[in-house]
Amino acid sequence: MLTSKILLATQREAPADAEIISHQLMLKAGLVRKLASGIYTWLPTGLRVLRKVEAIVREEMDKAGAQEILMSGVQPAELWQESGRWEEYGPELLRLSDRHGREFCLGPTHEEVITDLVRREIRSYKQLPANFYQIQTKFRDEIRPRFGIMRAREFLMKDAYSFHLDEASLQQTYEDMFECYSTIFNRIGLVFRAVIADSGSIGGNTSHEFHVLADSGEDQIVFTEDGNYAANIELAAAVKPEGERAEPSEDMQKQATPGMHSIEEIAGHFKVDESKCLKTLIVDGANDDLVALIIRGDHELNKVKAEKLENVARPLSFASADKIRKHLSCDIGSLGPIELDIPTIVDFSAAHISDFICGANENGMHFTGVNWQRDLAEPDCADLRNVIAGEAAKENGAPLKLARGIEVGHIFQLGTKYSAAMKANCLDEKGTATTFMMGCYGIGISRIVAAAIEQNHDEKGIVWPQSISPYSLVLIPIHMHKSQRLREAVMALYEQFSAAGIDVLLDDRKERPGVMFADMELIGIPHRLVFSERGLDANTLEYKGRTDEESSDINLDEAVSFIQKQLASG
RNA sequence: CGGGGUAUAGCUCAGCCUGGUAGAGCGCUGCCUUCGGGAGGCAGAGGUCGUGAGUUCGAAUCUCGCUACCCCGACCA
């Protein structure tokens, strides 16, 4: 490809609203442009990357025995009503109606459509197991799209759905997909972790997420160094503190704490560690009431764990300040478990401390030297908190590490959630109609592009993994428009590279060298060859890898084999 | 949807407080000089100042409504 023939669209400055590095670089490098909030147009260079990711995913899915199909992005409401999700899904589902007033939605996912297809088409166990996938544009009307392509409303996703008559078969396909995903992310060249995950609103039980590790990641994941345990922090169980609680050594006292609301202020005032304070959080209960959740001052509430409690409303919502004032006659910041007459659940580690400090349920007052059993009843306990770095994993006792991740893949065992609701079944060996067991497997294709940039960039721009770079190689001639000899040499080599099947870009713009260098580094092409009159005289070219400090001369006649070697080793 | 903010040239922004009819840098077009890391000069093109109303002799500027976008919370590939 010649740069003069394509819309390169590089920019010096990124729009001010681009927050994270991948968003800024995708705009600066001319990969995408915003059309509306969370909706983007892919420009030629960006589309090449997207297509490369897509190709890898497709190849590996095919290898794993999945069959590609393509379902409609627009789906009839009836199917969603059948599965119950027309009501369940909420405003994320973009609904529309046609000229006849019939209701449709823009597909955020395709469980209903595939289940409908399979219940019509698959009659016999002999056709199973079957795994169908598509690579297609999805739409989710996110409350808050942000970070550019990372969390867009419209995005490209690979989604696959498998069908089985028994658990063993589902488990087998699930494991095959796990392997397939690992191969895909390894091939792309991303540093990732597969973690145990919450299955969330899609339903089902067993579930893993694949996260690309990056500091800008929206998810917190935890894992042990030995690699034997990895989970989304939402799921990571905290170990109950061992041993007996220390005996009380202080008397309980009520003390004035005017104007102090945060744990930090209280701990600072009494000159104790935050772990000696209790944090009391009030959330909405399942039956229009309130529930108190209590954790140690230095801990964070884990929302997924809290949501699983019987008397807590789902989704979890913090009680409004008004409601708290009305029911508890004091404000957030002065709450505590003593004489609190709403259901109260205490985290194991908060129940293990003695001589602690907590709010007195009276504005501006706290108790110190409080002890369970002596000053108030032994509490109902549960695991409510996020684990912290360094503590032992419940599963194997190894110390946990924390990292941030970008979720790029998610696999679920759905069981019969959709097939049962939609009466999807087929005949087994004995001729009995049996409800399908299903698995579902997603990969965020467009998100991978952004995630790859988050993980691979420097001050000059993007540093593509070779596997998904828009071009493998760029040729930069210096003052080609002034030298016929140089032009001929460059064009000849360009043809050779093309013939060798290398994705080569020739920068034939009438630009100064600095402009070309800067643009190509911004775009992130992994290999660069510079042509000059001087080099031609010596029969050499200058080679520089994207992250190399210095360039090196190579023999003009060996250029193709040299680059082939670089590509093979990259 | 709740809370906060922004809207002026393709991009980044100034002008608004204190009304007097629109600017800079980058980018774009042409010419000249320059020519190995985002050059310099000259000449240009480009804006119903988001939108609707109001106040005023006069509104980018003051007031109100609307819309879009962004940031903080809840969702997810």
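The values are calculated or read from the model by the stated rules, or taken from the named source; none is laboratory data. Keep in mind the model is a prediction, meaning the values are calculated, not measured. With ideal geometry, Cβ positions are generated from the backbone for all residues, glycine too; neighbour counts draw on all protein chains shown. Accessible surface is based on the protein model in full, side chains and every heavy atom, while ligands, DNA and RNA are left aside. Shrake-Rupley method; radii C 1.70, N 1.55, O 1.52, S 1.80 Å.
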I'm trying to understand the selection: among the residues of segment A:401-425, which are in contact with a Ser or Thr (Cβ under 6 Å, 6 or more places away or on another chain), outside any helix (DSSP H, G or I) and open to solvent by less than 20 Å² (accessible area, probe 1.4 Å)?
A:Phe412, A:Gln413, A:Met422, A:Ala424
All but one of (1) in contact with a strand residue (DSSP E or B) (Cβ under 7 Å, 6 or more places away or on another chain); (2) at pLDDT below 95; (3) hydrophobic (A, V, I, L, M, F, W, C); (4) within 12 Å of RNA strand B (Cβ to nearest atom) hold for A:Leu106, so report the exception by its number.
(4)
Quick check on segment A:546-562. Is at least one of its residues open to solvent by less than 20 Å² (accessible area, probe 1.4 Å), assigned to a strand (DSSP E or B), at negative phi and touching a residue at least 40 places away in the same chain (Cβ under 8 Å)?
no
Is one or more of the residues making up segment A:215-222 of a type in the set (S, T, N, Q) and surrounded by fewer than 20 Cβ atoms within 10 Å (Cβ to Cβ)?
yes
Considering residues of segment A:464-481 that are open to solvent by less than 40 Å² (accessible area, probe 1.4 Å) and within 13 Å of RNA strand B (Cβ to nearest atom) only, the residue farthest from the chain's Cα centre (by Cα):
A:Met480
Note on A:His527: of the conditions (1) free of Cβ contacts under 8 Å to residues at least 60 places away in the same chain; (2) over 30 Å from A:Ser216 (Cα atoms); (3) touching a Ser or Thr at 6+ places or on another chain (Cβ under 8 Å), unmet is (2)
Return the residues of segment A:440-461 that are near RNA strand B (Cβ under 8 Å from one of its atoms), closer than 21 Å to A:Gln11 by Cα and charged (D, E, K, R); say none if nothing qualifies.
A:Lys460
Going by the conditions given, is A:Pro91 near RNA strand B (Cβ under 10 Å from one of its atoms) and without any contact (Cβ under 8 Å) to a residue 60 or more places away in the chain?
yes
Condition test on A:Ile122, is it more than 14 Å from RNA strand B (Cβ to nearest atom) and in contact with a strand residue (DSSP E or B) (Cβ under 6 Å, 6 or more places away or on another chain)?
yes
Which members of segment A:143-175 meet the condition of being over 21 Å from A:Leu31 (Cβ atoms), within 16 Å of RNA strand B (Cβ to nearest atom) and open to solvent by 40 Å² or more (accessible area, probe 1.4 Å)?
A:Ile143, A:Arg144
All but one of (1) within 15 Å of RNA strand B (Cβ to nearest atom); (2) open to solvent by 20 Å² or more (accessible area, probe 1.4 Å) hold for A:Met26, so report the exception by its number.
(2)
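Would you mention how many residues in segment A:491-519 are within 12 Å of RNA strand B (Cβ to nearest atom) and within 19 Å of A:Ala559 (Cα to Cα)?
So the answer is 1.
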Pairs needed: first member in segment A:9-35, free of Cβ contacts under 8 Å to residues at least 12 places away in the same chain and among the hydrophobic types (A, V, I, L, M, F, W, C); second member anywhere, more than 8 Å from RNA strand B (Cβ to nearest atom) and open to solvent by 60 Å² or more (accessible area, probe 1.4 Å); C-beta distance under 8 Å; at least 6 residues apart or different chains.
A:Leu35/A:Thr41
Kindly establish whether A:Phe178 is closer than 30 Å to A:Arg123 by Cβ, within 16 Å of RNA strand B (Cβ to nearest atom), open to solvent by 20 Å² or more (accessible area, probe 1.4 Å) and among the aromatic types (Phe, Trp, Tyr).
yes
So A:Arg99 fits all but one of (1) open to solvent by 20 Å² or more (accessible area, probe 1.4 Å); (2) of a type in the set (Lys, Arg); (3) touching a residue at least 12 places away in the same chain (Cβ under 8 Å); what number is the exception?
(3)
The one condition in (1) open to solvent by 70 Å² or more (accessible area, probe 1.4 Å); (2) under 25 Å from the mean Cα position of the chain (by Cα) that A:Lys5 fails to fulfil:
(2)
Hey, does segment A:48-64 have a residue that's of a type in the set (Asp, Glu), in a helix (DSSP H, G or I) and away from RNA strand B (no atom under 16 Å from the Cβ)?
yes
When only residues in segment A:510-543 that are assigned to a strand (DSSP E or B) and aliphatic (A, V, I, L, M) count, which is surrounded by the most Cβ atoms within 10 Å (Cβ to Cβ)?
A:Leu541
Condition first: open to solvent by 90 Å² or more (accessible area, probe 1.4 Å) and touching a residue at least 24 places away in the same chain (Cβ under 8 Å). Now tell me which residues in segment A:482-507 satisfy that.
A:Arg485, A:Gln496
Test set (1) among the polar types (S, T, N, Q); (2) in a strand (DSSP E or B); (3) open to solvent by 50 Å² or more (accessible area, probe 1.4 Å) - A:Gln11 fails condition number:
(2)
Go through (1) at pLDDT below 90; (2) of a type in the set (Lys, Arg); (3) closer than 24 Å to A:Asp219 by Cβ and name the single condition A:Arg325 misses.
(3)
